[in-house]
Amino acid sequence: MKTRIITAIVALCIFLPVLIFADTIALPLMLALCSVIAIFEITSCIGLRSAILLTIPLYLAAATLPFLIRYFSDQHLFRQVVLVAVLILSLYYFAVITFSHGKYKISDISICFFTAFYILAGFNSILFLHDFVKPGGEYIYLTVFIGAWVTDTFAYFCGMLFGRGGKHKLIPDVSPKKTVEGSVGGVVFCVLAMVLFGVIINHITDLRANYLFLIIGGFLASIVSQVGDLCMSVIKRTYGIKDYGKLFPGHGGILDRFDSVIAVSIILAAFCSFFKFFEVI
């Protein structure tokens with residue numbers, strides 16, 4: 001526990017300046033770095049780390065997408081380029097499968113491609129929320145971290161407090177320690193945190209919070225946060241590893257620490273494309 005706390009404090013000291021200077025190159029740089037490390041972790045987990053033909057396109061995408069999203073002047077054209085790139089990459093992977101003569105398992109390549117796409121979508125959705133959701137995107141992107149980490153924290157403590165004895169396991173064959181009580185507690189406190197966030201933004205800016213959408217968003221974020229955590233745990237168990245990496249002592253790797261963040265960012269990016277958390281007064 002001591003190691004986990006120290007690691008969390010150090011990581012927070014590094015992470016906060018990035019959030020403070022999110023309007024600069026700091027945010028896309030951090031997201032690109034996280035994406036590259038996450039791709040390395042997932043390919044290592046699956047056993048494809050040395051498969052250069054498979055990994056190089058993923059590393060290139062991970063390193064460049066955050067910068068393209070922020071600095072590509074024509075966003076409509078950018079979306080078309082991304083769509084074409086995904087289609088070409090899909091054909092490329094089918095070609096690799098075909099001509100590898102059984103060197104790589106189709107199941108491994110499929111999981112690698114799907115998970116990598118999911119990882120890149122998740123990290124870059126954070127940038128989408130910050131740069132393109134209006135009004136209030138410069139604040140809304142913070143709800144990704146609020147949703148993921150408040151859920152994670154309070155699910156743990158509520159599980160410890162109310163789920164003692166483990167009578168109501170959530171999904172024991174995936175994560176033996178998670179309880180229904182912890183899951184419910186995570187949802188409740190996530191919704192409360194989102195409402196509190198709305199109150200704070202109301203008081204420090206000229207934006208007006210839509211509390212109904214914040215409540216719905218908080219509920220969805222918490223549910224998806226837990227699903228994202230469990231999904232990444234399934235992959236770990238399938239390939240027989242405890243953690244994706246050792247970057248954060250006591251916590252694991254990027255994917256161990258940001259698995260929920262990736263899931264939450266995708267759902268909130270989708271939600272905020274149709275519903276507004278804030279309105280201009």
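The values are calculated or read from the model by the stated rules, or taken from the named source; none is laboratory data. Model, not experiment: these values are computed from the prediction. Counting neighbours? That spans all protein chains shown, and the Cβs are built from the backbone with ideal geometry, glycine included. These area figures cover heavy atoms from the full protein model, side chains too; ligands, DNA and RNA do not enter into them. Shrake-Rupley method; radii C 1.70, N 1.55, O 1.52, S 1.80 Å.
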*the stretch 1-132, relative contact order in percent, only Cα pairs under 8 angstrom and at least six apart counted*: 31
*Subset of LYS169/LYS276; LYS134/LYS236; LYS178/LYS236; LYS105/LYS236; LYS178/LYS276 violating a 28 Å alpha-carbon distance limit*: LYS169/LYS276; LYS134/LYS236; LYS178/LYS276
*Mean Cα-pair separation over length for the stretch 105-189, i.e. relative contact order, pairs under 8 Å, 6 or more apart, %*: 23
*In the Gaussian network model of the chain, springs joining C-alpha atoms below 10 Å, which of SER35, SER260, SER183 carries the largest mean-square fluctuation?*
SER183
*Using Cα pairs under 8 angstrom and six or more residues apart, how large is the relative contact order of the chain, in percent?*
21
*Mind checking which of TYR104, TYR139, TYR59 has the largest fluctuation in a GNM of the chain, springs on alpha carbons under 10 Å?*
TYR104
*Accessible surface of THR3 in the full protein assembly, 1.4 angstrom probe, to the nearest 10 Å²?*
80
*Note down the magnitude of the dipole of the chain about its Cα centre, charges +1 on Lys and Arg C-beta and -1 on Asp and Glu C-beta and zero elsewhere, to the nearest 20 debye.*
800
*Calculate, for LYS103 and ALA63, the FRET efficiency according to 1/(1 + (r/R0)^6) with r their C-beta to C-beta distance and R0 25 Å; round to the nearest 0.05.*
0.45
*With springs only between Cα atoms under 10 Å, which of ALA209, ALA22, ALA51 fluctuates most in a Gaussian network model of the chain?*
ALA51
*asked:* I want to check the label-to-label distance for VAL180 and PHE94. Put each point 7 Å from Cα in the C-beta direction and report it in nm to one decimal.
replied: 4.5
*Just report the Cα centroid separation between the stretch 51-111 and the stretch 167-219, whole Å.*
34
*Rank these residues by their accessible area, most exposed first, probe 1.4 Å: GLU138, GLU181.*
GLU138, GLU181
*Of all the accessible heavy-atom surface of the stretch 9-152, with the other protein chains kept in place and a 1.4 Å probe, what percent is carbon and sulfur?*
78
*Taking R0 as 35 Å, what's the FRET efficiency between TYR71 and LYS246 from their Cβ-Cβ distance, rounded to 0.05?*
0.60
*Estimate the FRET efficiency between ARG79 and VAL280 by the formula 1/(1 + (r/R0)^6), using the beta-carbon distance for r and 30 Å for R0, to the nearest 0.05.*
0.70
